[in-house]
Structures are given as C-alpha cells and as structure tokens.
Number of protein chains: 2
Amino acid sequence: MEGCPVSFVVLIPTVKITGVPQFMCRAGIFPLSRVCVRLALCVALCLQPIAAHAGKDPLPSWQDGETRRAIVSFVRQVAAPESPDYIPAGQRIAVFDNDGTLWSEKPVYFQLLFAMDRIRALAPQHPEWKTQQPFRAVLENDMQALADAGEAGLLELVMASHAGMTTTQFETIVSDWLATAAHPERKRPYTELVYQSMLELLAYLRDNGFTTYIVSGGGIEFMRPWVSSVYGIPPEQVIGSSIKVVLEYRDGEPVLVRQAEIDFIDDKEGKPVGIHKFIGQRPLLAVGNSDGDLQMLQWTDAGEGPRFMMLVRHTDAQREYAYDRDSHVGRLDKALDEAGQRGWTVVDMKRDWKVVYPFETTDNSQTSRVTQGD
Amino acid sequence: MEGCPVSFVVLIPTVKITGVPQFMCRAGIFPLSRVCVRLALCVALCLQPIAAHAGKDPLPSWQDGETRRAIVSFVRQVAAPESPDYIPAGQRIAVFDNDGTLWSEKPVYFQLLFAMDRIRALAPQHPEWKTQQPFRAVLENDMQALADAGEAGLLELVMASHAGMTTTQFETIVSDWLATAAHPERKRPYTELVYQSMLELLAYLRDNGFTTYIVSGGGIEFMRPWVSSVYGIPPEQVIGSSIKVVLEYRDGEPVLVRQAEIDFIDDKEGKPVGIHKFIGQRPLLAVGNSDGDLQMLQWTDAGEGPRFMMLVRHTDAQREYAYDRDSHVGRLDKALDEAGQRGWTVVDMKRDWKVVYPFETTDNSQTSRVTQGD
C-alpha cells in the first residue's frame, strides 16, 4: 500500500473537526496539522525536489493509462532540472477548482446545503421566514419552490446565512457545521467526500515544487477553515467568491464584519481575474470539471511554454455521480467541446480512478494498516 | 562586513531592470533572480529554521539599542522551538507597508511620479490635455495646480495612466519606467531608494520562518513587477490597491484589461480587510510609518498571544527626510500617539539605522568587497 489514509482528529482554531487525512503520508500515520503540512512541503521542496520517493508510486489511485501518463509526463517536463522546458519552482503554480473537482457537488453544492442548515438554525429568531420565500421553501424542504426562487432567491439565502457576523464568528459556524453535518445521500461528513486521486495529485505536485491553489466559485471564507487539514492547502492559497467585509470597533477592539453585499464572484470569467488578483502569475496547470472552469483553463492555456489543462468528467454513477452536458449543477458542455479541440486532458472518473473516496481505501486496507504498525 | 549588497542586472519578464540587489547574500555576490530568492528562502526555512547563521549579525545596519533588541527578542519568542510562545512557521505572517516603510515616499509617492511621467509620455496622443486640468498641471509641472486638483484630480491622473491596457502591457510599462527613471532629488533609480535596514529585517524574518507580505496603499500591479528582485517578495505576497480588470478575447486569446474603475483601496481601514482577503490569517508582526498603517497595526495587536507592531519615524533630514505630524505625504500623527499608549516599537531612523540606503554601504565598502572575492 502506497498511501496511508486514516481517520484522525485535528484541532483547527477552536473547534474539533473529524475527517479523513486526505494526504499521502510516507512517514507513516500521523496527525496532519497545518504545521505538519508546511513542514512536509518544505522538506519535499528542498531535499527531494524532483519526482521524489523513487520506487514508490505517488499516484496509486490512478489507473495506469493515458491520463495518468499525461500528468506524470508534464510534471517531469517542467520540474526535472535536465528538461529543456524546466520552470523554476516559484513559477510552478497549479490551480484547482473545488466543487466537483476536489470534492463532490451533488445533489447540490455543499455550501448551499450549509446555507439551508443555517437558515433552519436561525429560523427561531425569524418567525417571518415561515411565510416568506425563499426561506419558507428551506424550512418546508420544498426543493421545487427553492428552484423557482432562482438566482435572486439563492442570493437572499446566502446573504441571510453568510452575512451579519464577524469573520471569526463565521469561521466557527462553518467549522461547527462540518463537524456535525452529514451528506444527505452518502450519510458521511462532507469532508470525507473528497477525491482520493486528487489528494494524491495535489501531494504529487507539491512534492515536485508546485504551489497548489484552490480557485473556486464557492465562498473563500467557507473553504478556508477546513482546506488546510483536508487538502494541505493553507488559507493564503485559497481563492473564491466573497462578500464585502468592513472594519468596525467593538468594545475598542477591531473586528471585520461580513456585509450582505457581493464583493467578487470567482466563477467563469471571474476565475482568471481572481488568479491574477491573488497570485499575480499565470498557472502552469489548471484542473476543473465544469463550464465554470472554461475561462480558467483558457487563461492557463494561453500562457507561453508548456501548460497542462485537465477536466474531471463525472462518469461513475455507482461510486460517485454521472453527469455532464445536461446537469444543472456542474454542467460540463462547452468546456468538454473545447477540451476536444485543444487537446486538454479529460479524466474519465470510472475508467481512470481506482479509488474515488478515501474511505474506500481505509475500509479495504484495515489488515495491511495493522501489519504496518503505527 | 556582514551583508554584501552589490550592483546587478536581473531579467524580469521581458525587460532589464538595473538596480541594487537589496538583499543580504551570505553566499557571496550573485545575481538575485526570483528562483534564487525562493531557493534561498527554502533552504533557510528548512535547514536553518531558527536564528540561523550563528556568529554572523543578521541586522548589521541596525544600531545596538532598544529597537533592535525588541525585534530580536520577539523573533526568538515566537520562532525558537523551546519558547513557551512558539508559533508554527505557517502562521508566522509579517506585513510591511511599502511607501515610507520599505522605500522613500518624498517629495511625493513614487507611483504619482510614475503617473506624471506616463501622462507626459501619452500627451502627444492627447492634445486636449494641454488645456485640460489636471493634465495641464502635469505637462507644465505646475505643482500648485496639481495640489488644487485634489483627490479627484489625482484619481483622474491615475486612471488615465494606469487603465486601458492589458495587465501584461502595464507590467512592461512599469518595468520600463523603473529601468530609466530617476528620483528628482536623489538622481538615482527609485529601486535604489529602499532602506537597507528593512531589507535586512525582511531577510532576517524569512530566515526565521516568517512569510513576508507587502500591504500597501500603492497599486498592487505597480509593485509586483519589481518587488521580487528588490525585496525578495514574490507577486503572490503583495497586497495593494487595485483597479478592476475584465477578461476579454483579442484574436481569440484571453487577455485581462485594466478598467478605469477602483476595485479596492488598501489603505487605513482597508488594510485589515486586504490582509484578511488575501492571507486569511492575522499577522504576528506589522510594520508601517504613517496614519495609513494605524488600522493594520491595531488589527495585528488585537490578535491573541505575542504580536509585534512597529512604526518607522522619519527623523533624518540629512540622509533621508524628516517629517511626521504635519506632513501631507506619510503623515504620522494618530498612530504615533497610539504607539505611545500601546507600547508599540518606534524606529528613530537617525538613531537606529547605521545605514539608510544600500548604496551608502556599497560606496563605503568597495575595498572590503574586492578583498572578499566572489
């Protein structure tokens, strides 16, 4: 067994989150804190810069095939010092969409499920919501009425659930929710519904001197509390949509208060803008799964020299979900056509991934883990 | 001699910039590229994490006194593993204002001098500017009329000089300007008017596992082309004011075009907002020089556990400039009062800095450099 995903408990800010360590740990089983991630990254960067760990497979959940070979070939092309296309580590920027690329996004974006849970939790303080749409739809679990409320309705839900508190309070709310909420169909914590193959890819890229960023249409502050422990990505490498915050003083102390006003939408044509704003460098590698990622892949592709663009296609109804051109959430249509025209790599989840979720490996490998000791 | 600042030429994007390498290089004289900076940072982080280079003074331009001792004491407090207040490296965030903190800001902000030069360069395409304020004031070098134009006039100058081109074009414009422009009084390239003591402090912090950010009221895209080679700070660790950019397609290629519309003002109460937006962690250490930095220092100070706040006070009319409470540019008034009340460290430039600009050292140390060889 190459990786050793195990259940663990890690402390972030002030709350406990139970999750799966989503990380390839060659040193054995250990609690994965931010420090540890940083240290691992640092050691990997300095002591084992190129395709480290000879003899060990860094991508054990990827089927040996065209997709996997394309990934490995690209990483060697830009990271091997002897390569004519060698790119210095500081410029090895990799960007990943989150919803549908690093974790699942069905039946709807997990952040919407968070917003709905939050509306339910706040309902006692808002008796008017019993009759007022789109809140009534949430309280009555009326998905049709919710769909009828459209984008304006969704925005209203997001503002009611995501604004009005300090940034610190919101971080605690998100962390508390993740620690207790479960996916409506899979009945598991949301942070367990991340893709094992992508965790391996993130770690493989960092082992080869890449800096890995999330570039998501989801909320930046919804992701930051947990992506460090789950993906090994620190808060400053998360780019997402945001609402405005303003500085206020409460009892003489400065606090940042979240406003019911959109600041930035990091989706579609917003993704290259967000990448430029936060990173200031064009990525070498971009991975997405929907038409919302098309412009990010185009922007990456338009850079000089070698670039790698990849789309995850959801083809596995049994282990995950199967959807593309006709899906409301995570529609993959124009980007799929463009991938064909431009020669971008397309992951066929069913064909290319031996493992989808980390718990599959954990469930199957109890015996081998025990024989490995600690 | 501890550091070895030398003149050098470094290639960034497509143009040459001649400057001073603003960096402590213990390995001797070498061209300082982004790669090199990253590598040095990486080696320092991994192999020499705590107060490295025993026996060598990391802050040779700082007078031995209260200010210097406060800095060293704080770094040991949070970075020494045996310290009860030890903070993991990933959370060792240091933020620095730029104008008046890392480089000079007199007679006016250098970015305004860039905007004025740019207006002059564009004037042949805008005959109407000959009679239209505030452009006429720039073309006639009428500083009184320029002052009369106020903030609205300045904004007009910035938009006319900073918007309307692609992000790539703007990067080239800034780099070309820096390569040829000279400070009106010092008659040196602007990138030579950085503070030697602060370059040493930045390097000292990075040697001790800090990530060093710029958090400036200046334009983020005005700083990014040169801060990597001058300060050793990569583009993704620069936070600043910005105008909006939008994605367009030209000949089928995506480009980002700079719009004549403010996106974000990273000054005063905007600084904690910018820090939260870009970093998502509260700094341990914050350095500024004016009332525009007050909220950044308050925000840092309000964090739990050990924090270090510092103001640079310009007290050296002979070597640099002397100004504080009555200055229009870089006014230091409320923040100075608050520093006294809260016990923040105040640098007295004349008293605390043996060297202000790197060229002082270079000019004085020709002999010792030659005897050191390369």
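Overview of results
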item: Largest to smallest accessible area among A:Lys334, B:Lys106, A:Lys244 [probe 1.4 Å]; result: A:Lys334, A:Lys244, B:Lys106
item: Of all accessible heavy-atom area on the range B:211-306, the percent that carbon and sulfur account for (1.4 Å); result: 46
item: Shielding by other protein chains, A:215-227, mean Cβ within 10 Å; result: 1
item: Listed residue (B:Gln281, B:Gly292, B:Val329) projecting farthest to the positive dipole end of the range B:280-343, Cβ model; result: B:Gln281
item: Formal net charge of residues neighbouring B:Ala80 (Cβ-Cβ distance under 15 Å; K, R +1; D, E -1); result: -1
item: Mean accessible surface per residue for the range A:52-147, computed with a 1.4 Å probe while every protein chain stays in place, in Å²; result: 45
item: Heavy-atom accessible surface that A and B bury in contact, both chains counted, 1.4 Å, Å² to 100; result: 3500
item: Peptides ranked, highest mean first, by Cβ atoms within 10 Å: ranges A:182-192, B:209-219; result: B:209-219, A:182-192
item: Dipole magnitude of the range B:89-193 about its Cα centre (Cβ charges: Lys, Arg +1; Asp, Glu -1), debye to nearest 20; result: 260
item: Average accessible area per residue (Å²) across the range B:223-374 - probe 1.4 Å, nucleic acids and ligands excluded; result: 39
item: Total formal charge among the other residues, if their Cβ is under 13 angstrom from that of B:Asn141, Lys/Arg +1 and Asp/Glu -1; result: -1
item: Out-of-range pairs (alpha-carbon distance over 32 Å; input A:Lys56/A:Lys271; B:Lys277/B:Lys350; B:Lys106/B:Lys244; A:Lys56/B:Lys277; B:Lys187/B:Lys244; B:Lys187/B:Lys354); result: A:Lys56/A:Lys271; B:Lys277/B:Lys350; A:Lys56/B:Lys277; B:Lys187/B:Lys244
item: Per-residue mean of C-beta atoms belonging to partner chains within 10 Å, peptide B:295-302; result: 3
item: Whole-percent carbon and sulfur share, accessible surface of the range B:105-204, 1.4 Å; result: 53
item: Average beta carbon contacts from partner chains per residue of B:267-280, 10 Å cutoff; result: 5
item: Label geometry 7 Å along the beta-carbon vector: A:His183 inter-copy distances in nm; result: 5.9
item: Copies compared at A:Ala163 - label distances in nm, ascending, label defined 7 Å from Cα in the Cβ direction; result: 2.4
item: Positions from the range B:70-112 whose accessible area shrinks by 40 Å² or more when the full protein complex is built, not the chain alone, probe 1.4 Å; result: B:Gly90
item: Accessible surface, 1.4 Å probe, highest first, among residues B:Leu247, A:Leu311; result: B:Leu247, A:Leu311
item: Shortest-first nm distances, A:Ile262 label point to equivalent points in other copies (7 Å, Cα→Cβ); result: 2.2
item: Area of A:Ser83 that stays accessible when all protein chains are in place (1.4 Å probe, Å², to 10); result: 20
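The values are calculated or read from the model by the stated rules, or taken from the named source; none is laboratory data. Quick caveat: nothing in here was measured; it's all calculated off a predicted structure. As a convention, Cβ positions derive from the backbone with ideal geometry for all residues, glycine included, and neighbour counts pool all protein chains shown. Heavy atoms of the whole protein, side chains included, go into the accessibility calculation; ligands, DNA and RNA do not. Shrake-Rupley method; radii C 1.70, N 1.55, O 1.52, S 1.80 Å.
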